[in-house]
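Just so it is clear, none of the values below were taken in a lab; they were calculated from the coordinates. Since the structure is predicted, the reported quantities are computational estimates derived from the model, not experimental observations. Glycine also receives a Cβ, built like all others from the backbone with ideal geometry; neighbour counts cover every protein chain displayed.
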Amino acid sequence: MNKKILIVDDDPRNIFALKLTLKTRGYQMESCTAAQDAIQLLEKDSGIGVVLMDMMMPGMDGYEAIKIIRNTPSINKVPIIAVTAQAMQEDRQKCLDVGAQDYVKKPIDVDLLLTAIEKLS
């Protein structure tokens, strides 16, 4: 199981909280506050096992980032969990439709997130 997770979120407080939570579970983390940086990091670091992608970010949002990742052969297999405050059923489906393997709504239920990570890593 690959224990390295890439957290992509434009709010450093969210990154901090996720890192704190996941570090205690033995995960290694990388983080980016911009989707474009995340794509570049994925292309450089083949050791990332799961991406936690915030869907609502300025500039390139998570939807566009996932589309690019899924259309880039060198990184298109990395599992992605959409993380978003948009919590309607159609929001979940929209995330899955662009290529996310799972969906976790904010505020994050840690047990649900850990289950999703374990399932994909």
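Most mobile of ASP37, ASP91, ASP111 per a Gaussian network model of the chain (Cα springs, under 10 Å)?
Taking springs between Cα atoms under 10 Å, the residue moving most is ASP111.
Alpha carbon centre of segment 14-47 versus segment 65-108: separation in Å?
So the separation of the two Cα centres works out to 15 Å.
Any chance you could run the full-extension gain for GLN36 through LEU20? It's 0.36 nm times the residue separation minus the Cα-Cα distance, nm to one decimal.
On the way: separation 16, 0.36 × 16 = 5.76 nm, distance 2.39 nm.
Additional length available on full extension: 3.4 nm.
Describe numerically, in nm with one decimal, the distance between label points set 7 Å from Cα along Cα→Cβ at LYS106 and at LYS77.
Calculated label separation equals 3.2 nm.
Give me the number: length gained by fully extending GLN28 to ARG70, i.e. 0.36 nm times residue separation minus the C-alpha to C-alpha distance, one decimal in nm.
Fully extending the segment from GLN28 to ARG70 adds 12.8 nm.
Give the percent of DSSP beta bridges with both residues in the chain that are antiparallel, rounded to the nearest 5.
Percent antiparallel among DSSP bridges in the chain is about 0.
Considering only ALA85, ALA17, ALA35, give the residue with the highest GNM mean-square fluctuation for the chain, with springs between Cα atoms whenever their separation is below 10 Å.
Fluctuation is largest for ALA17.
Provide the gained length on full extension for the span MET60 to ALA85, in nm with one decimal, where the gain is 0.36 nm per separating residue minus the Cα-Cα distance.
Working: separation 25, 0.36 × 25 = 9.00 nm, distance 1.68 nm.
That works out to 7.3 nm of additional length.
Can you give the local net charge around ASN76? Use residues other than it whose beta-carbon is closer than 14 angstrom to its beta-carbon, Lys and Arg +1, Asp and Glu -1. Walk me through the numbers on the way to the answer.
On the way: positive: LYS67, ARG70, LYS77; negative: GLU43.
Residues close to ASN76 contribute a combined charge of +2.
Around GLN89, under 13 Å between beta carbons, what's the net of Lys plus Arg minus Asp minus Glu among the other residues?
Here the charged neighbours net out to 0.
Number of Lys pairs in segment 1-69 with C-alpha atoms less than 22 angstrom apart, excluding same-chain neighbours closer than eight positions?
Summing the qualifying lysine pairs gives 9.
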